[in-house]
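Engineer: The structure follows.
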Amino acid sequence: MTPPFRLVPNAHQGTPGLVVLPASGFRRAKAEITSWPDYAPTPLRDLPIPGLAAVRIKDESGRFGLGSFKALGGAYAVGRLMSARADPASEITVASATDGNHGRAVAWGARRFGAGCVIFVHESVSQNRIDAIARHGAEIRRVPGTYDDAVRHAEATAAQEGWQVVSDTSWPGYTLVPIDIMQGYRLMADEAADQWAGDPPTHVFIQAGVGGVAASVSVQMRARFTPHPKLIVVEPDRAACLLASHLAGMLTAIGGPLDTIMAGLACGEPSLLAWQELARAASAFMAIPDEVIPPAMRELAALGIVSGESGAAGFAALRLANLPPDSRVLLFNTEGATDPEVYTGIVGGDAGVADARRLIELSSQNSVRP
């Protein structure tokens, strides 16, 4: 029996609106990030899924050795703040809230560009993910509540201390840094478009927390493919703030514990900038239950792809959707085994911690589309 899920079409798709991410900003981000000495495009892999014309997944598990795509945004934004200093000798401390991956990216960027760094984590963030952030030299502050509470703690403390907030969500009065972050995220989708061979994708499934990466992918798919593929925004059914916003017809926050296995997507308040893009550009909003994630992770592992709980969400959603057989689908594995112990507990079998690391190493050897 198919697990319950919600797939709600967006009748407002195609409505004219604000240009959230100007092309000039993306050109600047691409030029900067691709100049980093350790930059390399991540692979686009074919998935042998019967009944569909093509399924390809952009595998971000090896990006900069951080296990996710987030460095494209968080580290780039830190670099932009450092280069904008009036006095190049002045010190900057950056602060951010995180479910894990964004904080690791900001800490990595802070070390790279010479900034101080304080990362706020909420009470549900695993110790392994906290330790991974701390290894990059960041000070960690755990706060009660959810990710959205951690965002507010980071903002308030930064205002008191004179720190720079590097948040991947946005709100009225705070948009410039999130725009830089989203412009960086676009590079992932741009690489995928370069690597795509044959007729363009008909469907793109992209997971969302506050919506920043989904909006970035949306913008770049429109810029690179004609006709534009249908963009399906995928969220946990316990944290579906973008679907709630769509149903309400306005930016809407949801409450509650947001206790989903998809830890990186456990967000109750959408990003203002992301909503301005997705409200008019997404083809549909989809909310999926936690129970579909473990089998999706195990199936991807059997195909040689290490995908964490949040990274597998788009693939899990595809498995629920009933697409026509001529569909050509682009997916994004937005994270690998960012907590190897959690990954092992879910995937089970022979894929222990050592096997998770082995798969990560093997994934870099798989073929990349030209």
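Engineer: Let me make sure I get this right: for the chain, a, b and c are the square roots of the gyration tensor eigenvalues over alpha carbons, sorted descending. Under 1.5 in a/c it's rounded, otherwise prolate if a/b > b/c, else oblate. Which is it?
Structural biologist: In terms of gyration-tensor shape, rounded.
Engineer: Give me the net charge for the shell around residue 128: Cβ to Cβ below 10 angstrom, other residues only, Lys and Arg +1, Asp and Glu -1.
Structural biologist: Net charge around residue 128: -2.
Engineer: By the scheme Lys and Arg +1, Asp and Glu -1, what is the net charge of all other residues having a beta-carbon under 9 Å from that of residue 169?
Structural biologist: Numbers: positive: none; negative: 148, 168, 269.
Its environment carries a net charge of -3.
Engineer: Right, another one. Using unit Cβ charges (K, R positive; D, E negative) and no other charged atoms, how large, in debye to the nearest 20, is the dipole of the chain about its Cα centre?
Structural biologist: Around 840 debye, computed over the chain.
Engineer: Which distance in Å, rounded to a whole number, links the C-alpha centroids of the stretch 82-112 and the stretch 143-174?
Structural biologist: 14
Engineer: Modelling each spin label as a point 7 Å along the Cα-to-Cβ direction, I'd like the residue 53/residue 159 distance in nm, to one decimal.
Structural biologist: 5.2
Engineer: Tell me which of 315, 65, 10 sits at the most positive position along the dipole axis of the chain, charges placed on C-beta atoms (Lys, Arg +1; Asp, Glu -1).
Structural biologist: 10
Engineer: Could you compute the FRET efficiency for residue 174 and residue 302, with r as their C-beta to C-beta distance and R0 at 45 Å, rounded to 0.05?
Structural biologist: The computed FRET efficiency comes out at 0.60.
Engineer: Compute the distribution of all C-alpha to C-alpha distances in the stretch 94-250, in bins of 5 Å from 0, and list the percent of pairs in each, rounded to whole numbers.
Structural biologist: 2, 9, 15, 18, 18, 15, 11, 7, 3, 1, 0
Engineer: If you don't mind, there's one more thing I want to ask. Need one word for the stretch 246-322: rounded, prolate or oblate. Basis is the Cα gyration tensor (sqrt eigenvalues a ≥ b ≥ c); a/c below 1.5 gives rounded, then a/b vs b/c decides. Can you show the working numbers first?
Structural biologist: Values: a/c = 2.35, a/b = 1.73, b/c = 1.36.
Cα axes put the stretch 246-322 in the prolate bin.
Engineer: I want to check the label-to-label distance for residue 149 and residue 259. Put each point 7 Å from Cα in the C-beta direction and report it in nm to one decimal.
Structural biologist: So the label points at residue 149 and residue 259 sit 1.3 nm apart.
Engineer: OK, next. With θ set to phi - 60°, apply the Karplus curve 6.51 cos²θ - 1.76 cosθ + 1.60 along the stretch 268-281 and write out the HN-Hα couplings as whole Hz, x wherever there is a Gly or Pro.
Structural biologist: Values per residue, Gly and Pro as x: x, 10, x, 6, 4, 5, 4, 5, 4, 7, 6, 4, 10, 10 Hz.
Engineer: Next up: Put +1 on the Cβ of every Lys and Arg and -1 on every Asp and Glu Cβ in the chain; which of 33, 136, 118 then has its Cα farthest towards the positive end of the dipole?
Structural biologist: 33
Engineer: Place a point 7 Å from Cα of residue 197 in the direction of its Cβ. Which residues in the stretch 38-60 have their backbone N less than 20 Å from it?
Structural biologist: So the set is 41-60.
Engineer: Pop a pseudo-label 7 angstrom from the Cα along the beta-carbon direction at both residue 124 and residue 250 and give the gap in nm to one decimal.
Structural biologist: 2.7
Engineer: Between residue 8 and residue 38, what length in nm is gained on full extension when 0.36 nm per residue of separation is reduced by their alpha carbon distance?
Structural biologist: Working: separation 30, 0.36 × 30 = 10.80 nm, distance 4.05 nm.
Net length gain for the segment: 6.8 nm.
Engineer: What does the extension gain come out to for residue 28 and residue 15, with contour length at 0.36 nm per residue minus their alpha carbon separation?
Structural biologist: Additional length available on full extension: 1.9 nm.
Engineer: While we're on this one: Taking N as the number of residues in the stretch 74-167, what value does Rg over Cα atoms divided by 2.2 N^0.38 Å take?
Structural biologist: Normalised Cα radius of gyration, the stretch 74-167: 1.00.
Engineer: Excluding residue 19 itself, what net charge comes from residues whose Cβ is under 12 Å from its Cβ, given Lys and Arg +1 and Asp and Glu -1?
Structural biologist: Within the 12 Å Cβ shell, the charges total +1.
Each value in this text was obtained by applying a stated rule to the coordinates, not by laboratory testing. Note that the structure is a prediction, hence the values are computed from the model and not measured. So basically every Cβ, Gly included, is an ideal-geometry build from the backbone, and we count neighbours across all protein chains shown.
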